[in-house]
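Colleague: This structure is in structure tokens; I'll ask about it shortly.
The values are calculated or read from the model by the stated rules, or taken from the named source; none is laboratory data. Since the model is a prediction, treat every value here as computed from it, not as a measurement. Cβ coordinates were reconstructed from backbone atoms using ideal geometry, including for glycine residues, and neighbour counts include every protein chain displayed. The accessibility values were calculated without ligands, DNA or RNA, using every heavy atom of the protein model including side chains. Shrake-Rupley method; radii C 1.70, N 1.55, O 1.52, S 1.80 Å.
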Amino acid sequence: MGLLTFKGGIHPDDGKRFSKDQAIRPIVPKGDLVYPLSQHIGAPANPVVKKGDHVLKGQKIAEAGGYVSAPVYSAVSGKVKGLEQRFTPTGNRAECIVIENDGAYEEMLYDPVRPVEQMSSDEILAKIGEAGVVGMGGAGFPTKVKLSPKEPDKIEYIIANCAECEPYITADYRRMLENTEELVSGMRVVLSLFPNAKGIFAVEDNKKDCIEKLEQAVMEEPRMDVKALATKYPQGAERQLIYAVTKRAINSSMLPADAGCIVDNVETLIAIHTAVVEGKPLLERVVTVSGDDVESPGNFLVPLGTNHRELIEAAGGFKADPEKLISGGPMMGFAMVSLDAPVTKTSSAILAFKEDIVSKNPETACINCGRCVEVCPSRIIPSRLADYARRHDEESFVAMNGLECVECGSCSYVCPAKRQLKQAIGSMRKTALANKRKK
Ligand code: SF4
Ligand code: SF4
């Protein structure tokens, strides 16, 4: 059987050679830890500590601010310095709880856990919600809400997004190799909520070692399977992944559950295992530190709240002053304006590059070559949509399916005129979505 895939997409240099063979190393932060109250989609969390309080590692410092929200926990013991405006990795300033790390790592005593088989669905969901688990692939949607569709019996596929198609990032790759059992255990927990679902680990075929390891691990799991995907960007985008695995198409007005699917990424499934099987809150994640300007690229287990500067130090520092810093992958990540931003629940990587190639290639006029149309996985017309966006013609933009853009950046990548198509379409799309919600 051929490899599962979707139409369109690109094959950029994956850059994974820098860090893929580096085993996960823990980071022990020395400086202050910073926790944005909004590290997820939905209402910001509400602080439950005040300046001067002493906190333990694993102690809740902010509670969920509503149904679609998530609590936040301190990953170190120390003293609450206060509530301050700080930079986040996306370049925005946001309200954050700042903890002065006392270096003692004195940890909470957690409630004893019961075997998953003895827990009801409501108990399992409550544990996931209370642990602060959100989509850690970048979306940050509270996982408890995602795992609570209206009709759980109609969910047929739980898809573990093991594609990791973004260039340079190897955090999920290392997790699949080094934490296979925890990953499979997370899938087992999710499957216990959906009696009619099958668990699929969907892995790009450039990670053959992960496919083999997972196949071994699910050999005795009748409800789980491993599927190889073609190696192509953006194979891990939710809609493209669902299509590749099930041949079911969803659009921007639908949820994966409408196609009988739920998609969780690798780090999220491991966090589900930690929450339900180990009874511990979300305190850490694996982050890749890479790029041609990093002395010793690697993959690090990082306590949430750790300053990105400490990650760069752990990777041996910069070779020279980087022209470009990115939080996340080069295709869908955010240009960082300051290294002094904390690792959050959705931080998968920090990349440092000697050159900012994009800013050195000025845009020129469209030559109507059609390449952007060929690669667009959403089957829309990027060149035309970018024109509508520049003219602020929202009506035409929506009529031409601009809302279907998944902001993958494939169009900008192939454009010989170096047009910033994704940026133009992405910003118009956000405006159009906000206006749609208002209506
Ligand atoms: S228009 Fe959107 S979905 Fe299509 S290639 Fe460009 S960024 Fe990707
Ligand atoms: S790829 Fe660039 S130059 Fe070619 S049609 Fe699209 S916008 Fe125009």
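Colleague: Could you sort out which of 280/345; 208/232; 154/345; 16/324; 7/422; 7/232 sit more than 21 Å apart by Cα distance in this structure?
Modeller: Checking Cα-Cα distances, 154/345 exceed 21 Å.
Colleague: Please work out the Cα center distance from the range 114-148 to the range 168-203, rounded to the nearest Å.
Modeller: Between the Cα centre of the range 114-148 and that of the range 168-203, the gap is 14 Å.
Colleague: A further question follows. Measuring from label point to label point, each 7 Å out along Cα→Cβ, what is the residue 151 to residue 320 span in nm?
Modeller: In this crude spin-label approximation the distance works out to 6.0 nm.
Colleague: For the range 371-438, what is the accessible area per residue in Å², given a 1.4 Å probe and the full set of protein chains?
Modeller: Here the residues of the range 371-438 average 50 Å² of exposed surface.
Colleague: Hey, another quick one. Express as a percent, rounded to the nearest 5, the fraction of DSSP beta bridges in the chain (both residues included) that run antiparallel.
Modeller: 60
Colleague: Using θ = phi - 60° and the Karplus form 6.51 cos²θ - 1.76 cosθ + 1.60, what ³J(HN,Hα) does each residue of the range 104-109 get, whole Hz, x for Gly and Pro?
Modeller: 8, 6, 5, 10, 4, 8
Colleague: Among 401, 108, 149, which residue has its Cα furthest toward the positive end of the charge dipole of the chain, with +1 on Lys/Arg Cβ and -1 on Asp/Glu Cβ?
Modeller: 401
Colleague: Any chance you could run the full-extension gain for residue 355 through residue 379? It's 0.36 nm times the residue separation minus the Cα-Cα distance, nm to one decimal.
Modeller: Length gained between residue 355 and residue 379: 5.5 nm.
Colleague: Sticking with this structure for a sec: Based on the alpha-carbon gyration tensor of the range 116-276, what equivalent-ellipsoid semi-axes (square roots of 5 times the eigenvalues) come out, in whole Å, largest first?
Modeller: Three semi-axes, in Å: 22, 18, 15.
Colleague: Follow-up. State in Å² the accessible area per residue of the range 109-203; use a 1.4 Å probe, count heavy atoms of protein chains only, and round to the nearest integer.
Modeller: Values: 3780 Å² over 95 residues.
Spelled out: the 1.4 Å probe surface of the range 109-203, per residue, equals 40 Å².
Colleague: Could I ask something else about it? Where q = 0.08, 0.10, 0.14 Å⁻¹, what log10 of I(q)/I(0) comes from the Debye formula for the chain, counting one point per Cα?
Modeller: -0.44, -0.71, -1.45
Colleague: Hey, what number do you get for the chain at 222 nm if only DSSP H runs of n ≥ 4 count, each worth -39500 (n - 2.57), divided across all residues, to the nearest 500?
Modeller: Calculated from helices alone, the mean residue ellipticity at 222 nm is -7500 deg cm²/dmol.
Colleague: Sticking with this structure for a sec: Assuming a viscosity of 0.692 mPa s and a temperature of 37 °C, what translational diffusion coefficient in µm² per second does Stokes-Einstein assign to the range 306-439, Rh being the Kirkwood radius over Cα pairs?
Modeller: So the translational diffusion coefficient is about 198 µm²/s.
Colleague: Calculate what fraction, in whole %, of the accessible area of the range 371-438 sits on carbon and sulfur atoms when a 1.4 Å probe is rolled over the protein chains.
Modeller: 51
Colleague: Please give the contour-minus-distance gain from residue 251 to residue 67: 0.36 nm per residue of separation, less the Cα-Cα distance, rounded to one decimal in nm. Don't skip to the end; give the middle numbers.
Modeller: Values: separation 184, 0.36 × 184 = 66.24 nm, distance 2.48 nm.
Contour length minus the Cα-Cα distance gives 63.8 nm.
Colleague: Residue 126 to residue 48: extension gain in nm, 0.36 nm per residue of separation minus the Cα-Cα distance?
Modeller: 26.2 nm is the gain from fully extending residue 126 to residue 48.
Colleague: Please list, ordered by chain and number, the residues whose modelled amide H lies under 5 Å from the amide H of residue 236; skip anything fewer than 5 residues away on the same chain.
Modeller: When sequence neighbours closer than 5 places are left aside, the close amide H contacts are 165.
Colleague: Show log10 I(q)/I(0) for the range 371-438 at q = 0.18 Å⁻¹, two decimals, from a solvent-free Debye sum over equal Cα scatterers.
Modeller: -0.55
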